[in-house]
Amino acid sequence: MAKFQAIRGTKDILPQEIQYWQFIHKKISNLLECANYQEIRTPIFENSDLYDRGIGKDTDIVNKEMYRFYDRSNRDVTLRPEGTAGIVRAFIENQMSYHNSLQRLWYSGPMFRYERPQSGRQRQFHQLGIEFLGSVDARADSEVIHLAISIFDNLGLKDLKLDLNSIGKVEDRHIYQAKLQDYLKTYHDELDLDSQKRLINNPIRILDSKHKHTQKILTGAPKISDFLSLSSQKHFDTVCNYLKLLNIPYNINHNLVRGLDYYNDTAFEIKTLTSKSQDTVCGGGRYDSLVRQLGGVATPAVGCAIGLERLLLLAKEKIDLPDRYLDFYIATQGEKANKVGMRLMQILHQKFFTIEIDMGSNNFGKQIKQANKKKAIACVIIGNEEIEQGIVTIKWLANQKQENMKMTQFVNKTSYLKKKILFYKSLKSY
Ligand code: ATP
Ligand code: MG
């Protein structure tokens, strides 16, 4: 029979690897909770219409990358390609603004895009996102940028750069788009094929082209910064000033546009300087029109999303995982001892000791070897003798010292045992 394989562009995260995921998850959630951001979890699939309207029909995501299908009741549904649209849907549906006019939220979970898989680019990947709904203040943009930067800082990642731009309001962009289109039309035949297509549907996205010759043509193109309204210009300057105040270096990049239609004003990306491909580890910006566009009361918002696979590619080598160890490895021999061992396993577990019970029917020598292999601090030995006398033998593996204890004593001396474990653990680390 043909072997089953994970679907192209998806990956198993095995136990060895998951430790890194748990490590960064803990670090980041701590950091965000300290800034009073609350976690939100929305469904993994939504009505496709949410993304058509929320992300925009002329975007690559909606046109080419969505996992879109009809369910058994013929509903047009999509596996979420990003988190913001779902959160805005939840914000409106649950009348979250009614309870609190400012919502500081974060999320983390799998996203799905049908793309060409390569390092740092998968079809199921994970994003961690921050969304701040309810404020037009430039301080909100700066707070979100500060949070994104501190996530990387906290993980010891240094070789990064923050690119910043303002893409103005929708109206500014319409005027600019027409000018850009006029300019690029004169170079139509020289543009790469993708850009030729975008020239009609979504010319601003051409600014994002990685194609060398297209980039060269773009150097002479009109700049969005010359088309910003006064209020957009002021907002952008204020964000820049706050970033200076917070000592967050940034680089203004006039060609930075976001792939999604719903952004306005601030757009930003955090890039790694250490890898050339898939170098964007975080993308974000302001999206003041999305809530209204999805049927809610107009609510300004700003947010960003970090690609966790890309983050981990950079962070893994900086993470020093704590050693995994067991407090007790329970070794038993004989039917009676097996029963006592099982009961002991339950009691120790309920007391939050880290434990494992041996499941082979090996002699004690082999079981103790296993205990060492599993980095146990102590092996609890229960054989015939122990059963007869109602005791357990504790073998402290660091120095092979043994002690006997009445079973009833053993299960009640929690603080004595915890202290001893701490002591032996400290011996192990030297
Ligand atoms: P790219 O230009 O690399 O395709 P994007 O602009 O499509 O990125 P966003 O929609 O802004 O990306 O998503 C935010 C972040 O999520 C990206 O900066 C990246 O780190 C990560 N990301 C996006 N698509 C993928 C993917 N297919 N696989 C892994 N990570 C991804
Ligand atoms: Mg993309």
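What is the distance in Å between the Cα centres of the range 227-284 and the range 120-180?
Measuring centre to centre over Cα atoms gives 6 Å.
Residue by residue, what Karplus-based ³J(HN,Hα) values in Hz, rounded to whole numbers, does the range 97-105 have, using 6.51, -1.76 and 1.60 with θ = phi - 60° and x for Gly and Pro?
Result, rounded to whole Hz: 5, 5, 7, 7, 5, 10, 10, 9, 10.
Starting from the Cα of His211, move 7 Å in the Cα-to-Cβ direction to define the label point; list residues of the range 161-182 whose amide nitrogen is under 16 Å from there.
Backbone N within reach: 181-182.
Quote to one decimal, in nm, the extra length available between Glu171 and Lys375 on full extension: 0.36 nm per residue of separation minus the C-alpha distance between them.
Using 0.36 nm per residue and subtracting the Cα-Cα distance, I get 67.0 nm.
So if we plug the beta-carbon distance of Met359 and Gln16 into 1/(1 + (r/R0)^6) with R0 = 30 Å, what FRET efficiency do we get, rounded to 0.05?
Computed FRET efficiency for Met359 and Gln16: 0.90.
Relative to the longest principal axis of the chain, what angle (0 to 90°, nearest 10) does the C-alpha long axis of helix 15-34 take?
60 degrees
For Val62, Val170, Val281, what ranking results if the residue with the fewest other Cβ atoms within 10 Å of its Cβ goes first?
By the 10 Å Cβ count, ascending: Val170, Val62, Val281.
Give me the percent relative contact order of the chain, please, defined on Cα pairs under 8 angstrom at least 6 residues apart.
14 percent
Whole number please: convex hull volume per residue, Cα atoms of the range 326-419, in Å³.
Convex hull of Cα atoms, per residue: 86 Å³.
Quick query: amide H of Gln127 versus all other amide H atoms, modeled in the peptide plane; which residues come in under 5 Å with a sequence gap of 5 or more or a different chain?
For Gln127, the qualifying residues are Gly109, Met111, Leu308.
So if each residue of separation counts as 0.36 nm, and I subtract the Cα-Cα distance between Gln278 and Gln233, what length gain in nm does that give?
Full extension from Gln278 to Gln233 adds 13.2 nm.
Based on Cα coordinates alone, diagonalise the gyration tensor for the chain, multiply each eigenvalue by 5, take square roots, and list the semi-axes in whole Å, largest first.
Semi-axes, largest first: 56, 23, 21 Å.
Ranked by Cβ crowding within 10 angstrom, fewest neighbours first, how are Glu309, Glu388 ordered?
Ascending number of Cβ neighbours within 10 Å: Glu388, Glu309.
In Å, what Rg and Dmax follow from the Cα atoms of the range 146-241?
For the range 146-241, the Cα-based Rg and Dmax read 16.3, 48 Å.
Which order do the peptides 325-334, 245-254 take when ranked by the mean count of other beta-carbon atoms within 10 Å per residue, highest first?
Ranked by mean Cβ neighbours within 10 Å, highest first: 325-334, 245-254.
Of all DSSP beta bridges located in the range 326-419, what percent are antiparallel, nearest 5?
Around 55 percent of the beta bridges assigned by DSSP in the range 326-419 are antiparallel ones.
Relative contact order, percent, of the range 278-430 when contacts are C-alpha pairs under 8 Å separated by at least 6 residues?
18 percent
Taking other Cβ within 10 Å of each residue's Cβ, how do Ser166, Ser275, Ser289 sort, fewest first?
Fewest to most other Cβ atoms nearby, the residues stand as Ser275, Ser289, Ser166.
Which of the peptides 76-83, 294-301 is most tightly packed, and how do the rest follow, going by the mean number of other Cβ atoms within 10 Å of each residue?
The most tightly packed comes first, giving 76-83, 294-301.
Provide the percentage of antiparallel DSSP beta bridges, counting only those with both residues in the chain; round to the nearest 5.
80 percent
Could you give the length gained by full extension between Glu93 and Tyr416, i.e. 0.36 nm per residue of separation minus their alpha carbon distance, to one decimal place?
111.0 nm
Every number here is computed from the coordinates shown, using simple stated rules; none is lab data. All values reported here derive from a predicted model rather than from experimental measurement. Glycine also receives a Cβ, built like all others from the backbone with ideal geometry; neighbour counts cover every protein chain displayed.
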